[in-house]
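Here is the structure we will look at, set down as structure tokens.
The numbers here are math on the coordinates, done by the rules we state, and not lab data. The structure displayed is predicted, hence computed values, not measured ones. Glycine gets a Cβ as well: all are built from the backbone with ideal geometry, and neighbour counts include every protein chain shown.
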Amino acid sequence: MDENDILSIIKQLEPKLQSVLFQTRNDYREDLEQDLKERIINIIKNNINLEVPSFFDLIGEELMLDYSEGLTRC
């Protein structure tokens, strides 16, 4: 995920960020905004997995697990 993708996500979240910021005092808004955006960026960078398994990959894994369990029972 590149910088433009992250900026796009933050732009999409901007209305929600602004609604949260309006609930705080003016003295803290700028700091809170910076902190929230920093946390969002960290979450995006650490938690987004670009290689999502397909349905058939998941089914194949289940079948392999069932098959391997069947072999150990013998």
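The figures follow:
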{"item": "Local net charge near Gln18, Cβ-Cβ under 10 Å (Lys/Arg +1, Asp/Glu -1)", "result": "0"}
{"item": "Cβ-based exposure ranking for Asp57, Asp2, in which fewest neighbours within 10 Å come first", "result": "Asp2, Asp57"}
{"item": "Cross-link reach list, lysines versus Lys45, counting only Cα pairs under 17 Å and skipping chain neighbours closer than eight places", "result": "Lys11, Lys37"}
